[in-house]
Every structure is written in structure tokens, then in C-alpha cells.
1. Quick check: is even one residue across the range 48-61 on the phi < 0 side of the Ramachandran plot, surrounded by 14 or more Cβ atoms within 10 Å (Cβ to Cβ) and touching a Gly at 6+ places or on another chain (Cβ under 9 Å)?
2. For residues that are among the acidic types (Asp, Glu) and within 16 Å of Ser94 (Cβ to Cβ), tally how many sit in the range 43-82.
Amino acid sequence: MITGELKNKIDSIWEIFWTGGLTNPLDVIEQMTYMMFIHDLDDSDNLRAKEAAMLGLPYQSIFAEEVRIGDRTIAGNQLKWSIFHDFPAAKMYSVV
């Protein structure tokens, strides 16, 4: 059973989705999974960049290049969680 601070955080996130119009639990889980994946991918990329810098090795971020989605091109760094999570909702929607 989840209790305490973790439960409060989950309830808070659930409330955000609910007020945003996502009421189906499967949709909420899907969106949360996407966000966790993006966050973990950013953390992994940052760790590898720091390790390469400490060892004096070259490193190219997986977010370094532009991404082509249909007829649009998006700068890869906009897909990093550390940048993406500060976007207003409309910009998040347009990026994704």
C-alpha cells in the first residue's frame, strides 16, 4: 500500500490529469509512463555527458540533432525533460 508523501504526489498528479480532461486511468498511466521515460532518458544522457567530460572523451548527446516528425523539424534539445517540463502547455502540445 502506498502511503504518505508518495501517495500525496500521485494524488496531486492524478488531480492535474483529471482537471485537464483525462479521466480514463489507462490514458493517465500511458501519459505518466511517457513522462517517466522522457525524464529517465534525459538523466541517462546527462550522466553519460558528465562521465565523458570527466574522462576527457568526446560525447554527442542523443538530443544533439534535429528531429523530423512528419513535415515538422524540432530541435532535439527541446525533447530533453530538463527543458521540456518548463514549456507552457500549448508549446508542449506542439512539440509532441
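Computed from the coordinates by the stated procedures, all read-outs in this text should not be read as laboratory data. For clarity, every value in this text was computed on a predicted model and none was experimentally measured. Cβ placement follows ideal geometry from the backbone for every residue including glycine, while neighbour counts extend to all protein chains displayed.
1. yes
2. Matching residues across the range 43-82 total 2.
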